[in-house]
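The values are calculated or read from the model by the stated rules, or taken from the named source; none is laboratory data. Worth saying up front: this structure is predicted, and the values here are computed from it rather than measured. Note that we place each Cβ from the backbone using ideal geometry, even for glycine, and neighbour counts take in every protein chain shown.
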Amino acid sequence: MAHGYAIDVMSLLNHKIMVDQSLEQMAAKYKSAEPFPHIVIDNMFEDRLLDQLVGEMPSLTAEKFLYYEDGHLTQYGLRSAVELGETGFQLIAFLHSAAFLYFLSEITGIRELLPDPYLQGGGYHVMPPGGKFDVHADRNMAYETGLTRRLSLITYLNKSWKHEYGGQFELWNHDGSRREAAVEPLFNRTVIFEIADQNFHGVPSPIACPGGRCRSSFVVYYHTAQGLNSVPHSSVFPSSLRKSSNPLGDKRTVLRIARAFCPPIVARAAKKVLRRK
């Protein structure tokens, strides 16, 4: 887009975010980033806003959160977008606004981005001590809508986080065999990255924060209506790919697919059947 239009995008945002670079500079940094397109932006939101977001986080109960523990992932994830408080609703409304979508398009070059008001897989992500998410490539579709996942935006909510607590967001090479970069999960740090089948990332080392603390973030996914000519899949783990040419032979993979595609009662039934085998 023309330079004048890019200036209009920033004016549309009306100082609701804070960045210290031009859109052109951020776009260049995003596209040249290794090992795949991404950008890290510090202090993009007001601290007060994120403090309020943390303050209204629901308790980690079964009514509010899903608890994932399948060998690859140990994490609490928000059960439904309707569990958000007022600040969460306001933040999501902004992150899904046309102005912010244009902002993301200017940085990433991906046009006609679509939001996800249902927060499928998004919202609060909470890793307790010992939690992790093995290196993986994200699932490539929002199953309920059929839209193609294109971008992930992660904002970290961890104040006074120390390096020795772990929890670094790691970016790996195209076959998931080597770590290329790592991002500390510090408060008000936002990572935006492209979702693709070879864009491997994760938090593979168990969280080592003190008891009573967790590694928390707020995640939003963005989509397009046009697909990328790839087969719909759940999270892809390079270790599974190397072990077997038939990913459905992995019980954990079957459970992930069942959980993603099926109603909870069906997924639970599948889990019970696989445990008997």
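Residue-by-condition table, conditions (1) modelled with pLDDT of 95 or more; (2) assigned by TED's automatic domain parsing to the domain that holds residue 198; (3) over 18 Å from residue 154 (Cα atoms); (4) part of a helix (DSSP H, G or I):
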{"site": "28", "(1), (2), (3), (4)": "yes, yes, yes, yes"}
{"site": "35", "(1), (2), (3), (4)": "yes, yes, no, no"}
{"site": "41", "(1), (2), (3), (4)": "yes, yes, no, no"}
{"site": "44", "(1), (2), (3), (4)": "yes, yes, no, no"}
{"site": "50", "(1), (2), (3), (4)": "yes, yes, no, yes"}
{"site": "54", "(1), (2), (3), (4)": "yes, yes, no, yes"}
{"site": "57", "(1), (2), (3), (4)": "yes, yes, no, no"}
{"site": "61", "(1), (2), (3), (4)": "no, yes, yes, no"}
{"site": "66", "(1), (2), (3), (4)": "yes, yes, yes, no"}
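State whether one or more residues within the stretch 21-28 are in contact (Cβ under 8 Å) with a residue 12 or more places away in the chain and under 19 Å from residue 149 (Cα atoms).
No: the stretch 21-28 contains no residue that is in contact (Cβ under 8 Å) with a residue 12 or more places away in the chain and under 19 Å from residue 149 (Cα atoms).
Does residue 152 satisfy being in a strand (DSSP E or B), in contact with a Ser or Thr (Cβ under 8 Å, 6 or more places away or on another chain), under 20 Å from residue 74 (Cβ atoms) and hydroxyl-bearing (Ser, Thr, Tyr)? Quick ask: steps written out before the conclusion?
Details: in a strand (DSSP E or B): yes; in contact with a Ser or Thr (Cβ under 8 Å, 6 or more places away or on another chain): no; under 20 Å from residue 74 (Cβ atoms): yes; hydroxyl-bearing (Ser, Thr, Tyr): yes.
Spelling it out, it is not the case that residue 152 is in a strand (DSSP E or B), in contact with a Ser or Thr (Cβ under 8 Å, 6 or more places away or on another chain), under 20 Å from residue 74 (Cβ atoms) and hydroxyl-bearing (Ser, Thr, Tyr).
Among the residues of the stretch 86-106, is any closer than 17 Å to residue 213 by Cα, in contact (Cβ under 8 Å) with a residue 40 or more places away in the chain and surrounded by fewer than 21 Cβ atoms within 10 Å (Cβ to Cβ)? Outline the logic, then answer.
Step one: list which residues in the stretch 86-106 are closer than 17 Å to residue 213 by Cα, which gives none.
For the stretch 86-106, residues closer than 17 Å to residue 213 by Cα, in contact (Cβ under 8 Å) with a residue 40 or more places away in the chain and surrounded by fewer than 21 Cβ atoms within 10 Å (Cβ to Cβ): absent.
In this structure, is residue 215 assigned by TED's automatic domain parsing to the domain that holds residue 60, of a type in the set (Lys, Arg) and buried (at least 20 other Cβ atoms within 10 Å of the Cβ)?
For residue 215, the condition - assigned by TED's automatic domain parsing to the domain that holds residue 60, of a type in the set (Lys, Arg) and buried (at least 20 other Cβ atoms within 10 Å of the Cβ) - is met.
Give me the residue from the stretch 58-85 that is small (Gly, Ala, Ser) and surrounded by fewer than 17 Cβ atoms within 10 Å (Cβ to Cβ) and, out of that set, farthest from residue 205 (Cα to Cα).
In this case the residue turns out to be 85.
Working only within the stretch 136-148, note down all residues that are at pLDDT 95 or above and in contact with a Lys or Arg (Cβ under 8 Å, 6 or more places away or on another chain).
138
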